[in-house]
Amino acid sequence: MRLILLGPPGRGKGTQAARLVEKYRIAHLSTGDMLRAAVKAATPVGIRAKDIMARGELVPDEVVVGIVADRIGEPDAENGFILDGFPRTVPQAEALDRLLTERGLHLDAAIELKVDERILLDRIAKRIADMLGRGETPRADDTPEALIQRLHAYREQTAPLLAYYGKKGVLRTVNGMAEIPQVTEAIDRALRPGKTCPGG
Ligand code: ADP
């Protein structure tokens, strides 16, 4: 099973990805996690990405494409993977298509978690307040300014992927505003064999 999760920041992509990983025994490939690890380890990629990420902007395509190309070739991804946070631009999606074609692989589905942006901003603000309340440190890009930038990047650069995957007939849209178990169920339904994309 090879899947993509699409949706704006703060909508529980990581939570749903973790569950799909368990269910299908596939690798969880989160470019955000990989980049944060690179920043922490101060690798050349991390040094390049650090300030861009803190601002909530997108890291250059060639950097993330390079990371993903290496990662999908590793043994734990052989049985399949879920890409969480990648692709985020049309050039990244085209690069992914090439990477998969070279390996004789294909995508099973691109799952969109659809949300209402106004409610999302409130929820994210609450998540940050809760973390601070527990004495935890929010991510460097969990500031109101960076969040607005992350949502902007999603709208401008990532949302066009919905049409891209819609045309390919692999887009599955679920209501990302529902509670976690309901979102999980909706994803399960969307991935059932024989399910076709409306209009696709
Ligand atoms: P979220 O979905 O909550 O914004 P992620 O952990 O997926 O968080 O990403 C955090 C940041 O890492 C992004 O704002 C961006 O700077 C960088 N990043 C992650 N994935 C990509 C990608 N595919 N292309 C460009 N930048 C990326």
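The values are calculated or read from the model by the stated rules, or taken from the named source; none is laboratory data. Predicted model only: the values in this text are computed from it and were never measured. Side chains included, ligands, DNA and RNA excluded: accessible areas come from the protein's heavy atoms. Shrake-Rupley method; radii C 1.70, N 1.55, O 1.52, S 1.80 Å.
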Who wins for biggest fluctuation among 158, 137, 173 in a Gaussian network model of the chain, springs between alpha carbons below 10 Å? 137
Cα convex hull of segment 37-78 - mean projected area over all directions, nm²: 3.3
Accessible area of segment 20-119 divided out per residue, in Å², using a probe of 1.4 angstrom: 51
If you roll a 1.4 Å probe over segment 1-142 with all protein chains in place, what percent of the accessible area is carbon or sulfur? 53
How big is D for segment 93-135, in µm² s⁻¹ as a whole number, if Stokes-Einstein is applied with the Kirkwood radius of its Cα pairs at 25 °C and 0.890 mPa s? 178
Placing one equal point scatterer on each C-alpha of segment 118-157 and summing with Debye, one gets log10 I(q)/I(0) at q = 0.18, 0.21 Å⁻¹ equal to -0.50, -0.65
Mean separation of Cα contacts under 8 Å, 6 or more apart, over the residue count of segment 40-136: relative contact order %: 16
For residue 108 and residue 78, compute 0.36 nm times the residue count separating them, minus their Cα-Cα distance, and round to one decimal in nm. 9.4 nm
Over 25 Å between Cα atoms: which of 50/168; 23/167; 114/168; 13/50; 114/167; 23/114 fall into that group? 50/168; 23/167
From zero outward in steps of 5 Å, how is the percent of C-alpha pairs of segment 1-123 spread across the bins? 2, 10, 20, 23, 21, 15, 7, 1, 0
If you roll a 1.4 Å probe over the heavy atoms of the protein chains, what accessible area per residue do you get for segment 130-196, in Å²? 59
Based only on Cα atoms, what Rg/Rh ratio does segment 1-51 have, Rh being taken as Kirkwood's radius? 1.06
Where the Cα pairs of segment 85-184 fall when distances are cut into 5 Å bins, in %: 3, 10, 16, 19, 18, 15, 10, 6, 3, 0
Have a look at 44, 60, 91 and tell me which one the Gaussian network model of the chain (Cα, springs below 10 Å) gives the largest fluctuation. 44
